[in-house]
Amino acid sequence: MKRIVIKIGSNIITDAAKGLDLTTINSIASDISAIATEGNEMVIVSSGAVAAGMRKLGLKSRPVEIRLKQAAAAAGQSNLMWAYERSFFDFGKNVAQVLLTREDFADRKRYINARNTMLTLLSYNIIPVINENDTVATDEIRFGDNDNLAALVAISIDADKFFILSDVDGLYDDDPRKNKHARLISCVESITPEIERIAGATGSMVGTGGMYSKVKAAQKAALHGIAVYIMNGKRPGLLLAAVQGHHHGTLVKPFTEKIPQRKKWIAHSSKAKGSLTLDDGAVRALVTGGRSLLPSGIVAVDGPFEIGDAVYCITSDGKRIAKGLVNYGSEDLRKILGKKTTEIEDILGYKYSDEAIHRDNLVII
């Protein structure tokens, strides 16, 4: 049995003139139901609520104003879920709606609750259909995308495979809309700056995410041991064939080293409240030495933040190298930066820990 996350973009299941494309939704539901029947656990992350709600509001083009996007999302989400409900019912499967915001991942307790809810649904053979709660998440509407959400979901539930359904066959070495000789890249060993550059140039036919956001989402998931497939979601039967071992689209190979669930949350879900600038010795100790961060290696503190908050660790030239949970607030760290551990209690009047960030709460990024 495999745990599989399927990300479905609005460009796959909606039409600017007609709203929801029920034929395509039914086709995808058929494939996913067949995969689930083989014993796999399936999770869907689906866009499309705003596009579905546009017809209800009488909008001719995708709204720009936040309030209209929120209204369209509210009006369209029920239509979107009803379409999935009807399609999966035809194949003997049940679905459940899960609406999430970035705060549900940033807060540790809410993160665990969301993870437990999704895993419980899977244990009852119910397929979660997840979307961002766009009616309240204004920042996500402006800057977020469901590629990133799907990657975070896949990481949080320890998925084995992550399929990103696009309107093109995968990642090309050039824009296939402009260059008929563009070559499909069937396998990516790791997401390099060159791969990011190619993704930024090619993009997607339509939709807000584009190929670059898909590649960045794939990078996150692959680093946590999840095999990622970017493929065409418009071609019936392709998803089922891919799960059965017939390679289609672009495969981003997973990183082999397993990362504990807590560190997954620190790396990609926790919200950084500030940063610590480190000297060269501290950078080496963290990156190559596998050490904790001591106050003596900190040269600057950018806050404010409290005990237990996430912060980035950066080099003198501003490069992010790690992310972790601090043992001291920003005001106290400013007092003890550059100091030895034996001096902490004399300066602060107490000593919570020798480490500014313990290795168990630190992730190299």
Open item on the list: Assuming 0.36 nm per residue, please report the length gained on full extension of the stretch THR37 to ASP173 beyond their Cα-Cα distance.
Closed with: 45.3 nm
Task: DSSP loop GluC sites (Glu not before Pro) with at most 16 other Cβ within 10 Å: longest gap in the chain - done: 66-188
TODO: Note down the nm distance, to one decimal, between modelled labels 7 Å out along Cα→Cβ at TYR124 and at ARG284.
DONE: 5.6 nm
Task: Cα-based helix-to-principal-axis angle, 66-89 vs the chain, degrees rounded to 10 - done: 60 degrees
Open item on the list: Bin width 10 Å, origin at 0, all Cα-Cα pairs of the chain: what percent of pairs per bin?
Closed with: 5, 23, 29, 23, 13, 6, 1, 0
Task: Rounded tilt (10° steps) of 146-156 against the dominant C-alpha axis of the chain - done: 60 degrees
TODO: In Å and from the alpha-carbon atoms only, list the Rg and Dmax of segment 68-188.
DONE: 17.1, 50
Task: Pairwise label distance in nanometres, LEU184 with LEU348, each label 7 Å out on the Cα-Cβ vector - done: 5.6 nm
Task: Estimated translational D of segment 253-300 in µm²/s (Stokes, Kirkwood radius over Cα pairs; 10 °C; 1.306 mPa s) - done: 125 µm²/s
- [ ] Kindly give Rg over Rh for segment 271-364, based on alpha-carbon atoms, with the Kirkwood expression for the hydrodynamic radius.
- [x] 0.92
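Counting other C-beta atoms within 10 Å, and keeping those with at most 15, which DSSP coil chymotrypsin sites (Phe, Trp or Tyr not before Pro) do you find in segment 281-365? Before the final figure, lay out the partial values.
On the way: sites: PHE305, TYR312, TYR328, TYR350, TYR352; in loops: PHE305, TYR328, TYR350, TYR352.
Hits after loop and neighbour filter: TYR350, TYR352.
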TODO: Mind listing the long-range amide H neighbours of ASP174? Cut-off is under 5 Å, sequence gap 5 or more, other chains count too, H placed in the peptide plane at 1.01 Å from N.
DONE: ARG183
Open item on the list: What FRET efficiency comes out for ARG62 versus GLN261 if R0 is 51 angstrom and r is the Cβ-Cβ distance? Round to the nearest 0.05.
Closed with: 0.90
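Which trypsin sites (Lys or Arg not before Pro) in segment 157-193 pass both tests, a DSSP loop state and at most 15 other beta-carbon atoms within 10 Å?
Numbers: sites: LYS161, ARG177, LYS178, LYS180, ARG183; in loops: ARG177, LYS178, LYS180, ARG183.
Counting only loop positions with at most 15 other Cβ atoms within 10 Å, the trypsin sites (Lys or Arg not before Pro) in segment 157-193 are ARG177, LYS178, LYS180, ARG183.
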Open item on the list: Please give me, ordered by residue number, the trypsin sites (Lys or Arg not before Pro) of segment 44-127 that lie in loop per DSSP and have at most 15 other Cβ atoms within 10 Å.
Closed with: LYS60
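Efficiency by 1/(1 + (r/R0)^6): what FRET value for GLN244 and ASP158, r their Cβ-Cβ distance, R0 = 22 Å, to the nearest 0.05?
Values: r = 22 Å, r/R0 = 1.00.
So the FRET efficiency works out to roughly 0.50.
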TODO: Could you bin all the Cα-Cα distances of segment 4-113 into 5 Å bins starting at 0 and give me the percent of pairs in each, rounded to whole numbers?
DONE: 2, 12, 20, 21, 17, 15, 10, 4, 1
Open item on the list: Modelling each spin label as a point 7 Å along the Cα-to-Cβ direction, I'd like the ARG291/ARG235 distance in nm, to one decimal.
Closed with: 5.2 nm
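Every read-out reported here was derived from the displayed coordinates using simple, explicitly stated rules and does not represent laboratory data. Everything quoted here is computed from the prediction, not taken from an experiment. Heads up, the Cβs are rebuilt from the backbone with ideal geometry, glycines too, and the neighbour counts pull from every protein chain shown.
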